[in-house]
Structure formats: C-alpha cells, structure tokens
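One structure below.
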Amino acid sequence: MALQLLAAPSDPALLDLPWGTPLEDWPADQLVALPRGLSRHVVRFVRIGEAVYAVKEIAENAALREYGLLRQLERRDLPAVEAVAVVSGRVDDSGQPLDPALVTRHLQFSLPYRALFSSTLRADTAKRLLDALAALLVRLHTAGFYWGDCSFSNTLFRRDAGAFAAYLVDAETGELHGNLSEGQRTYDVDLARTNIAGELLDLDAGGLLHSSIDPVEIADLVVERYQDLWRELLGAETFDTGERYRIDQRIRRLNELGFDVAELTIVTDIDGRTVQLEPKVVDAGHHSRRLLRLTGLDVEENQARRLLNDLDAYRAAKDVQGESEEIVAHRWVDEAFEPVVRAVPKDMRGKLEPAEIFHEVLEHRWFLSEREGRDVGLMPAALSYVADVLTHKPDEQAVLGSRIGSPTVEADPWVEDDEPVEP
Amino acid sequence: MATVTFDKATRLFPGAERPAVDALDIEIGDGEFLVLVGPSGCGKSTSLRMLAGLEDVNGGSIRIGDRDVTNLAPKDRDIAMVFQNYALYPHMTVGENMGFALKIAGEPKDKIRERVAEAAKILDLEQYVDRKPKALSGGQRQRVAMGRAIVRSPQVFLMDEPLSNLDAKLRVQTRSQIAALQRRLGVTTVYVTHDQVEAMTMGDRVAVLKDGILQQVDTPRNMYDNPKNVFVAGFIGSPAMNLLQVDAEGGTLHFGGANVPIPRETAEVADKAGRKITVGVRPEDMAIVGDGQGLKTVVNLVEELGADAYVYGTADVDGKPYDIIARVDGRKPPEKGESVHFAPKEGHIHLFSTETGERLKS
C-alpha cells in the first residue's frame with residue numbers, strides 16, 4: 001500500500017495504525033473510548049504516546065480542504081483543534097481503495113458538551129456553554145472565518161475559571177475570507193441557533209434536558225449574546241468631545257472581554273464637537289498574552305485574568321512597586337503558583353489543568369477564609385483543597401472510559417442507554 | 001410564483017481588478033432546474049451565494065418572484081440551501097428530525113405534521129416517520145437531510161456542488177435522485193457544478209460562466225448543437241470539440257485537403273482576420289475520408305470502447321500541430337502510428353471568429 005501522508009511534524013508512530021482496515025473496523029485495543037458526538041462521518045480516537053488523536057474518514061478533497069483550513073486557523077492563533085495529517089492512498093486487503101483519513105490532535109483537558117452535565121443539562125450550564133460558543137463565533141468572524149456548522153457537537157470545551165472556553169472541532173464547512181459580509185455572519189449565527197436548538201431538542205427527547213429549559217429560548221440566547229459581543233467589539237459609538245474618558249472606558253470594556261484593540265478610528269465632525277469611535281481589528285487573548293509574556297504560562301483567557309489579579313494582589317502585598325513587572329511576575333510564579341500546583345500529588349495531576357487548579361484553590365481559600373473569619377493563606381487552602389475537593393473529582397486530562405473511575409460516558413450517541421459522566 | 005431574476009447583478013470583491021460576477025442577467029422560470037457551470041473561478045458559486053444572501057451585491061439586483069431580495073438577510077429570502085451539512089439527531093424520530101426547524105420557527109403542530117407527512121411520502125420514508133434514525137440506511141439518512149429542506153417549502157432550492165465529495169458511482173445515482181425529486185416537487189432550483197456532464201444531464205437549462213461573465217444560457221440540446229462562442233464550444237461536450245484555426249479564402253475554408261464552402265458574411269469576417277477562421281468539429285462529426293480529401297492525422301492512441309472507438313491523434317495545420325479527437329467505428333479502428341484523413345460531416349461544422357471567438361454563420 002503506497003500510503004501518502006500530508007502531515008505537520010508529528011509522531012511517526014501514526015504510520016503504524018491499521019490504515020489498511022476501514023476505520024469502523026479498527027480493533028478496540030487500538031481505540032480510546034471518547035464521547036464522539038454526532039458526526040456524519042466515521043470518527044475514532046486513538047492514543048499514541050501521551051497524545052490522543054481523532055481520526056475521521058472523509059473524501060479526499062474534503063480532507064485536504066479541512067486540513068488546510070485548520071492549519072490556517074492555527075496560524076492565526078484561533079481556538080481550534082490541531083490538524084496533524086491527511087492519510088490517503090489507503091487500500092484494503094483486497095486492493096479496494098478506502099477513503100482518506102483526517103487526523104487531528106484531541107485537546108487535552110477538553111470535554112464534549114455531553115460530558116459537562118450529569119443527569120440533565122441545566123440552564124446555567126447551558127448558558128455558560130452558549131457564552132463560550134458565541135465568543136468563539138465572534139472571534140472566528142472577526143478573523144474572516146465563516147463556520148457554516150457551528151454547534152455544540154462541533155465544539156470542545158475547556159474549563160476557564162468557572163466559565164468555558166470553546167474550540168472549533170469541525171471545519172468541513174468552513175471558509176476563510178478577508179472580511180465576512182453581514183449576510184454571511186447573520187446566516188452563520190442563524191445556523192448556530194438552529195443547530196443548538198436541534199441539539200437541545202435531542203437531549204430533551206433523550207430525557208437529558210432539565211425540565212426548566214426551553215430549547216428555543218436558550219438557542220435564541222446565542223444570537224443575542226453574539227450580537228451583544230459584536231456590537232461591543234465593532235459598533236461605532238458617538239459622543240461629545242468633552243467625554244473623552246469614554247474612549248478609555250470602551251477600551252477597558254473590550255479588554256475585560258479579553259479583546260485587544262489594535263487600532264481605533266476616531267473621527268470628529270466638522271465642528272469638532274462629536275466624536276465617532278470605532279475599534280478595529282480586535283483580537284481576543286489580551287490577558288492570556290500578557291500572562292504568557294510575563295510568566296511563560298499558557299492558559300485560557302479567564303484563567304489568565306484570574307492569575308493576573310492574583311499577581312497584582314501579590315505585588316501590592318509584597319510592596320514591590322519599584323521592581324519591574326517581569327521580575328515580580330517570576331517571583332509570583334516561584335512563590336505562589338508553582339507551590340500550589342506541586343501540592344497536588346502526581347497521581348491526581350490528570351484531574352484538572354494547573355491553571356484551573358490554581359483558580360479553584362483561590363476559590364477554596366476564599367470559602368475557607370469566610371468561614372473562619374480570617375485569611376487562611378494560600379498553601380493551607382491548597383492542601384485542604386487537595387484533601388477535601390480534588391480527590392473527588394474525575395479526571396479531565398482525557399475523558400477516557402477506562403481511566404476515570406467508573407463513570408460510563410456515552411461513547412456512541414446512537415446507542416440507547418446513556419450515562420453521562422459527572423462534571 | 002417563484003421565478004428568480006439576476007438583473008445585471010455584479011459582485012466586485014474589495015481590491016479586485018475585475019468583478020467576480022459581471023452584470024449577470026438571467027431569468028429563471030418557476031419550477032425550472034437551472035445549472036450554473038464553468039471552470040474554477042468563473043463566478044458560479046459567487047452568483048449562487050449572491051442569490052442566497054451570503055455575498056454582497058455591488059451592482060444590479062436580484063429578485064425572487066416580484067420581490068427584490070438584493071438587500072435581504074438570507075433567512076428572509078425564503079430559500080433553502082440543500083445539502084448543507086445537516087445533522088441527524090439520534091433521540092428524535094425521523095419525523096421530528098425533519099420538522100424541527102419548523103418547530104423552532106413557531107409553526108403550529110398540525111402544519112408541521114402535515115408538511116412532514118408530505119415530505120416523507122415524496123422521499124419514500126413514510127414508514128420511518130415515527131422511528132429513530134438509527135433504523136435507517138446511509139441513503140435513507142441522506143434523504144432525511146433533504147426532508148429538512150423540503151418541509152420548509154421554500155420558493156427556491158440552492159445547491160452548491162453537492163455531489164463533489166461522492167465517488168463516481170454514487171454521484172450518478174444521487175444525481176438522478178435529485179433530478180427526479182426536483183421534478184416531483186416542482187420547486188425552482190439553482191444548482192452549481194464544475195462538471196459539464198452533470199450540468200447537461202440535470203439542467204432544464206444550463207448557464208455557462210467564464211471569468212464572471214455569462215457566456216450562454218440555453219437548453220442542453222441547444223448549447224450542444226449551437227454553442228455561442230469558442231469557449232462554450234470547447235467546454236461543453238465530452239470528449240471536447242476539435243477547434244482549429246484554418247485558412248479561409250474567398251468563400252471556402254480548407255480543412256486539410258477538404259474544401260468547405262462558407263457563407264459570405266462569414267467569409268467577410270475571416271478576411272478581416274487575415275483570412276483565418278476557427279473551425280469546430282465534434283469528435284462524432286469527424287468522418288474518415290480518402291487520402292488528400294481531409295485533414296491528415298497521425299494516430300497516437302486508440303481508445304476502444306466496443307461499438308465505438310476514439311482516435312487521439314495529431315494534425316498539422318500551417319505548421320501548427322493540433323490534438324485531434326475523432327469517434328470511429330469500433331469494429332475496425334485505425335492503428336497507432338497510421339495516418340488517417342478526417343473531414344467534417346456535412347452540416348456539422350461550427351465556425352467562430354478567430355478574433356472575438358463569437359459564433360459565425362455556417
């Protein structure tokens with residue numbers, strides 16, 4: 001078999017997979033039981049070394065196209081799964097050609113939406129998922145990317161300081177343009193709304209949706225949230241020249257949302273009395289970039305904000321106003337962040353990402369301090385957290401049926417009995 | 001009545017030198033299946049997207065029925081993009097899968113039930129309406145996806161290269177399914193493909209585009225028999241038409257050793273172009289003639305297909321080599337390396353201006 005591999009530099013062990021066998025017949029011992037979501041194509045997960053890969057069987061030009069798009073998204077630093085390879089030239093034992101396979105790397109610590117709720121999906125979880133999805137869509141649209149199939153199933157979620165960060169999984173219908181037209185944007189959002197409504201109705205039909213949720217109402221929220229965010233980012237604003245503090249306010253609001261303002265267009269009218277403000281080329285990741293620059297830590301946006309807040313508090317407490325930001329940041333990593341992360345015993349490190357652990361320890365510290373009427377301190381809070389909270393959490397490093405205690409994750413949504421994992 | 005009108009519709013991408021779609025003028029009749037076809041980059045997909053509302057219109061307008069939809073959002077145009085990637089929801093029944101878009105649009109239950117029943121009947125899924133999708137085969141699941149578009153009862157169906165990811169056999173099968181379905185539903189359909197065979201088999205009419213400009217819109221028969229210009233002549237028909245630049249002196253053109261009379265107006269055009277004219281002859285219209293009575297062609301390859309055979313060869317016209325394709329009787333085809341003489345069958349010659357490419361009277 002003359003296999004053809006179009007690949008980013010990756011694990012050569014990929015070549016050892018049973019490419020001569022149709023994907024749906026791959027032996028169970030090669031596979032990892034990850035929740036699969038609703039896909040039109042055959043999808044399986046395999047583990048090679050430390051990483052988990054998703055393998056999808058699709059037609060050649062679709063595979064190449066999707067691979068190219070995912071690489072482009074990566075280059076633009078947009079949240080998406082990483083394209084690893086397209087394997088073509090596959091033939092089975094009788095010489096019959098098999099469809100090529102697109103290989104992507106499964107995101108560590110990410111979860112499909114069905115794994116994010118036990119028993120039923122409740123309103124507040126649904127809203128947090130929606131927020132993450134709307135933010136992802138806005139980010140993709142500002143970069144000129146039209147998704148064409150935004151849905152919960154096509155997304156992976158990572159915890160982000162109590163909220164979620166969403167990552168694009170399927171780019172099959174995607175298109176990259178310079179700028180999206182209004183028609184494209186509104187259509188894309190409408191598609192998201194339709195897909196989400198469908199997914200929620202499906203959960204409802206399967207008895208997995210909390211009775212308090214109205215699928216259509218929740219789906220409508222994604223449109224609202226998207227529009228709010230979009231307006232916030234790119235809407236033009238007019239105000240009197242005397243109100244220049246509002247420029248600062250606008251920028252601050254955008255930073256809060258995690259977006260960087262690359263440029264501002266400020267136009268004064270002839271009288272010089274009113275000012276029109278229009279931010280341009282906004283790009284998310286403001287806080288995570290700042291944290292990365294200061295500490296080398298690569299975390300989600302909300303997590304970054306949280307850590308930066310703690311960093312600021314540390315600065316104030318240590319009274320090191322004179323020292324450079326970078327030096328203080330490194331001291332904070334050494335003296336505050338790392339000790340907390342190291343407080344987690346090795347066998348529990350797969351449960352949550354370090355930055356998320358730190359966030360939870362900060363929450364736990366607040367909770368304990370409130371209860372005791374005094375600041376219990378970071379390390380005691382960390383130790384208490386490990387002993388009392390973390391031990392009871394399931395692993396999220398990869399939601400693997402065999403690695404987590406006994407929760408059974410719905411590996412195949414086409415099977416009737418579903419028992420989602422505890423969040 | 002759902003006619004579709006492109007009225008000098010233009011799309012100019014920012015920074016581009018020329019329009020991606022240039023003053024497109026097409027009137028599509030109610031219930032018509034119109035195919036937009038052309039090579040990559042010709043503007044066919046862009047035209048479809050302009051109709052869908054996914055692409056801005058920079059000039060002219062677009063109408064659906066009497067409504068000017070040029071500035072309407074996609075979802076307000078009463079169109080359905082078929083073969084988008086519809087998901088199949090495992091816990092809902094087939095009927096619920098087909099009808100849920102109507103449900104979220106707030107349509108009354110009985111209307112939904114009615115529409116779903118209608119669609120299920122047309123798609124041969126009646127017995128599955130209350131079953132879960134996992135009971136369905138792959139082909140049936142695809143029909144449920146079509147059902148989702150059908151129940152919305154749109155005025156126009158839009159399809160953008162829906163078969164491009166299928167293997168050849170499945171493509172032919174699905175092609176006829178789509179055509180049959182459209183005939184049954186009678187919904188105006190605009191279909192984009194790069195495959196001219198597909199266009200010619202499926203369309204009531206075909207519109208050929210090149211570089212954003214409409215070349216010809218016609219029935220497949222007419223387009224095949226009377227291509228308006230050299231591009232359409234060479235694009236439509238497989239194997240492609242033979243196109244050669246030959247001498248035309250006075251009222252005669254020289255097809256190798258064959259002298260073919262041409263009308264006076266055509267001769268005049270040829271005269272102005274240095275006595276040259278472009279001749280088109282379809283492979284099936286090439287007849288083998290005696291030595292010196294036609295265009296001498298050296299045979300490079302013979303493709304034997306049973307009753308017919310295709311001869312691929314090279315001919316020299318005024319020192320210029322041309323690739324020639326001719327269909328011959330499959331029982332006694334010429335041999336590789338042999339020299340054969342071809343002349344066009346009478347009445348089956350196409351003439352085009354060498355300068356403009358436009359069709360001339362033959």
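The values are calculated or read from the model by the stated rules, or taken from the named source; none is laboratory data. From a predicted model like this one, the values you see are computed outputs, not experimental measurements. Glycine also receives a Cβ, built like all others from the backbone with ideal geometry; neighbour counts cover every protein chain displayed.
Does the range A:206-220 contain at least one residue that is in contact (Cβ under 8 Å) with a residue 60 or more places away in the chain, more than 9 Å from chain B (Cβ to nearest Cβ) and in a helix (DSSP H, G or I)?
There is at least one residue in the range A:206-220 that is in contact (Cβ under 8 Å) with a residue 60 or more places away in the chain, more than 9 Å from chain B (Cβ to nearest Cβ) and in a helix (DSSP H, G or I).
Within the range B:133-151, track down each residue that is within 11 Å of chain A (Cβ to nearest Cβ) and either out of contact with any helix residue (DSSP H, G or I) (no Cβ under 9 Å at 6 or more places or on another chain) or closer than 15 Å to B:Val82 by Cα (or both).
Of everything in the range B:133-151, those that are within 11 Å of chain A (Cβ to nearest Cβ) and either out of contact with any helix residue (DSSP H, G or I) (no Cβ under 9 Å at 6 or more places or on another chain) or closer than 15 Å to B:Val82 by Cα (or both) turn out to be B:Lys134, B:Gly138, B:Arg141, B:Gln142, B:Ala145, B:Arg148.
At pLDDT below 95, under 28 Å from B:Thr5 (Cα atoms) and buried (at least 19 other Cβ atoms within 10 Å of the Cβ): which single residue out of B:Leu88, B:Leu123, B:Leu102 fits that description?
It is B:Leu102.
Within the range B:261-272, work out how many residues are within 23 Å of B:Ile324 (Cβ to Cβ) and surrounded by fewer than 16 Cβ atoms within 10 Å (Cβ to Cβ).
Going through the range B:261-272 one residue at a time, the tally reaches 1.
I'm trying to understand the selection: among the residues of the range B:201-235, which are touching a Pro at 6+ places or on another chain (Cβ under 7 Å), at pLDDT 95 or above and not in a strand (DSSP E or B)?
Matches in the range B:201-235: B:Gly212, B:Ala233.
Any residue that is in a loop (DSSP other than H, G, I, E, B) and buried (at least 20 other Cβ atoms within 10 Å of the Cβ) - is there at least one of those in the range A:120-142?
No, the conditions are met nowhere in the range A:120-142.
Which residue is modelled with the highest pLDDT, if the candidates are limited to the range A:29-61 and must be within 14 Å of chain B (Cβ to nearest Cβ) and in contact with a Lys or Arg (Cβ under 6 Å, 6 or more places away or on another chain)?
Checked the range A:29-61; the qualifying residue modelled with the highest pLDDT is A:Val43.
So B:Asp7 fits all but one of (1) over 18 Å from A:Gly178 (Cα atoms); (2) of a type in the set (D, E, K, R); (3) out of contact with any Asp or Glu (no Cβ under 7 Å at 6 or more places or on another chain); what number is the exception?
Unmet condition: (3).
Hey, among A:Leu73, A:Leu78, A:Leu23, A:Leu69, which residue is in contact (Cβ under 8 Å) with a residue 60 or more places away in the chain, more than 27 Å from B:Glu161 (Cα to Cα), crowded, with 19+ Cβ neighbours inside 10 Å and not acidic (Asp, Glu)?
Only one candidate passes the filter, namely A:Leu78.
When the residues of the range B:163-182 are filtered to those that are in contact (Cβ under 8 Å) with a residue 40 or more places away in the chain and farther than 12 Å from B:Thr201 by Cα, which remaining residue is nearest to the chain's Cα centre (by Cα)?
Only one residue tops the list, namely B:Gln182.
Looking at the range B:159-172 only, could you name the residues that are under 14 Å from B:Met146 (Cβ atoms) and either at pLDDT 95 or above or in contact with a Leu (Cβ under 9 Å, 6 or more places away or on another chain) (or both)?
B:Met159, B:Leu163
Condition first: on the phi < 0 side of the Ramachandran plot and either in contact with a Pro (Cβ under 9 Å, 6 or more places away or on another chain) or part of a loop (DSSP other than H, G, I, E, B) (or both). Now tell me which residues in the range B:111-138 satisfy that.
Residues satisfying the conditions are B:Leu123, B:Leu125, B:Val129, B:Asp130, B:Arg131, B:Lys132, B:Pro133, B:Lys134, B:Leu136, B:Ser137.
State yes or no: is A:His177 facing another protein chain (nearest Cβ under 10 Å), more than 20 Å from A:Glu224 (Cα to Cα), surrounded by fewer than 19 Cβ atoms within 10 Å (Cβ to Cβ) and not aliphatic (A, V, I, L, M)?
Taking the combined requirement at face value, the residue satisfies it.
Within the range B:51-62, can you find the residues that are surrounded by 17 or more Cβ atoms within 10 Å (Cβ to Cβ) and either touching a residue at least 60 places away in the same chain (Cβ under 8 Å) or more than 9 Å from every other protein chain (Cβ to nearest Cβ) (or both)?
B:Leu51, B:Ala52, B:Val57, B:Gly60, B:Ile62
What number of residues within the range B:66-83 satisfy the criterion of being more than 7 Å from chain A (Cβ to nearest Cβ), within 26 Å of the chain's Cα centre (by Cα) and either farther than 15 Å from B:Gly147 by Cβ or not small (Gly, Ala, Ser) (or both)?
8
Quick check on this structure: which one of B:Ala315, B:Ala273 is farther than 22 Å from B:Glu335 by Cβ and in contact with a Ser or Thr (Cβ under 6 Å, 6 or more places away or on another chain)?
Just a single option satisfies the conditions, and that option is B:Ala273.
Go through the range B:84-127 and give me each residue that's of a type in the set (A, V, I, L, M, F, W, C), facing another protein chain (nearest Cβ under 8 Å) and either farther than 14 Å from B:Val151 by Cβ or in contact with an Asp or Glu (Cβ under 7 Å, 6 or more places away or on another chain) (or both).
Residues satisfying the conditions are B:Ala87, B:Leu88, B:Met92.
Can you tell me which residue among A:Leu73, A:Leu34, A:Leu102, A:Leu78 is under 23 Å from the mean Cα position of the chain (by Cα) and closer than 30 Å to A:Asp214 by Cα?
It is A:Leu34.
Could you say which residue among B:Ala307, B:Ala287 is among the hydrophobic types (A, V, I, L, M, F, W, C), within 13 Å of B:Pro344 (Cβ to Cβ), surrounded by fewer than 21 Cβ atoms within 10 Å (Cβ to Cβ) and under 31 Å from the mean Cα position of the chain (by Cα)?
B:Ala287
Conditions tested, residue by residue: (1) of a type in the set (S, T, N, Q); (2) surrounded by fewer than 23 Cβ atoms within 10 Å (Cβ to Cβ); (3) without any contact (Cβ under 8 Å) to a residue 24 or more places away in the chain.
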position	(1), (2), (3)
A:Phe145	no, no, no
A:Gly148	no, yes, no
A:Thr155	yes, no, no
A:Phe164	no, no, no
A:Tyr167	no, yes, no
A:Glu182	no, yes, yes
A:Ile196	no, no, no
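Please enumerate the residues belonging to the range B:183-200 that are over 22 Å from A:Arg65 (Cα atoms), under 15 Å from the mean Cα position of the chain (by Cα), among the polar types (S, T, N, Q) and not in a helix (DSSP H, G or I).
Scanning the range B:183-200 gives a single hit, B:Thr189.
Exactly one of (1) of a type in the set (Gly, Ala, Ser); (2) surrounded by 22 or more Cβ atoms within 10 Å (Cβ to Cβ); (3) within 11 Å of chain B (Cβ to nearest Cβ) is unmet by A:Ala171. Its number?
If we test A:Ala171 against (1) of a type in the set (Gly, Ala, Ser); (2) surrounded by 22 or more Cβ atoms within 10 Å (Cβ to Cβ); (3) within 11 Å of chain B (Cβ to nearest Cβ), just (3) comes out false.
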